[in-house]
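Beneath this line is the structure, given in structure tokens, with notes to follow.
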């Protein structure tokens with residue numbers, strides 16, 4: 001009996017040791033599982049398939065190349081400020097074949113609507129050789145230079161705001177009123193005093209700055225009023241008299257005309273056509289040269305050349321125009337009836 005009891009105690013002792021060992025093993029397994037779960041975020045897989053463990057206290061600073069901490073990602077997208085659409089830039093004029101009607105002088109004194117009926121293009125005279133302006137100008141005019149009433153400006157705007165192509169004609173260098181008001185701007189005798197041509201008209205000196213400023217001011221105002229084209233009359237040196245004893249006797253006349261036209265173009269703007277009208281009497285190489293209008297100046301400085309049909313100037317001009325000159329759009333004949341090409345009906 002005593003031996004059986006001894007064996008029983010030995011058996012129970014072995015059972016408690018096994019349980020302790022099992023508990024220890026379970027704890028180790030649990031600890032390993034927890035450790036695996038905790039350390040899983042620190043397992044790094046390399047490009048070659050290998051695995052390594054990077055614990056926090058072994059890692060380098062967050063700015064180490066190749067590692068980007070999740071909580072440090074900051075993506076910024078710069079959106080440019082919206083830009084306004086660019087303003088349309090003025091373009092040089094595109095000339096078309098011209099069929100125009102020359103409105104009578106004084107048409108601005110009444111409603112011109114009836115004169116515009118059926119017309120696609122019109123020429124309006126704004127200033128003659130006497131120097132008076134036919135409309136109410138906003139230019140600071142010197143004493144003695146007359147301009148129209150307020151109604152003339154209203155009637156003028158009715159023309160420029162119509163569907164017609166509008167052409168402003170004004171006398172440039174031949175100007176009685178401005179010459180008297182500002183003698184320093186005028187052609188004078190070499191010994192003093194205003195020079196008169198054979199028709200008792202005064203002429204301005206285009207080399208004088210005040211002359212150019214005055215004509216440029218008119219050109220700019222025409223552009224602001226809405227005209228499509230400038231038709232410059234008397235833009236030349238006079239051939240109706242002897243200039244040999246004057247203050248303009250020895251100047252380069254062609255260069256003076258070129259300079260004046262360039263300044264008028266700048267004042268009027270790039271989109272406005274700038275043209276010239278020639279007198280009937282000018283018709284030889286000599287007269288064109290002394291007037292400051294050799295063929296190179298005419299063809300290079302002006303968009304169109306207006307000339308009376310079948311007069312001396314017409315025959316000379318058509319004989320010397322270069323072959324590449326577009327006669328259909330750039331040569332405009334003034335006439336009393338419709339003809340081929342571009343023309344202006346003058347009553």
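Laboratory data are not the source of any read-out in this text; all were calculated from the coordinates shown. Because the structure is predicted, anything quoted here is derived from the model rather than measured. Backbone-built Cβ (ideal geometry, glycine too); neighbour counts: all protein chains shown.
In nm, to one decimal, how far is the modelled label at residue 85 from the one at residue 154, with both set 7 Å along Cα→Cβ?
Distance between the two pseudo-spin positions: 3.6 nm.
Once fully extended, how much extra length lies between residue 340 and residue 78, figured as 0.36 nm per residue of separation less the alpha-carbon to alpha-carbon distance?
Gain in length upon complete extension: 88.0 nm.
Computed over the Cα atoms of the range 99-345, what is the ratio Rg over Rh, Rh following Kirkwood?
Using Cα coordinates only, the ratio equals 0.95.
Run the quick spin-label model on residue 18 and residue 252: label points 7 Å from Cα toward the beta carbon, then report their separation in nm to one decimal.
My value for the distance between the label points is 12.7 nm.
Go through 317-328, 206-217 and give me the packing order, highest mean Cβ count within 10 Å leading.
So the order, starting with the most tightly packed, is 206-217, 317-328.
Considering only C-alpha atoms, what is the centroid distance from the range 269-347 to the range 94-109, in Å?
With the range 269-347 and the range 94-109 each reduced to a Cα centre, they are spaced 16 Å.
How much FRET efficiency would the formula 1/(1 + (r/R0)^6) give for residue 119 and residue 327, where r is the Cβ-Cβ distance and R0 is 25 Å, rounded to 0.05?
That gives a FRET efficiency of 0.60.
Per Stokes-Einstein, at 37 °C and 0.692 mPa s, what whole-number D in µm² s⁻¹ belongs to the range 240-347, with the Kirkwood radius over Cα pairs as the hydrodynamic radius?
219
With each pseudo-label sitting 7 Å past Cα toward Cβ, what's the residue 111-residue 162 distance in nm, one decimal?
1.3
Counting DSSP beta bridges in the range 99-345, what percent are antiparallel, to the nearest 5? Walk me through the intermediate numbers first.
Working: 6 of 37 bridges.
Close to 15 percent.
How much length would be gained if the chain were fully extended between residue 139 and residue 300, taking 0.36 nm per residue of separation minus their Cα-Cα distance, in nm to one decimal? It would help to have the intermediate numbers written out before the result.
Details: separation 161, 0.36 × 161 = 57.96 nm, distance 2.95 nm.
Full extension of this stretch gives 55.0 nm more.
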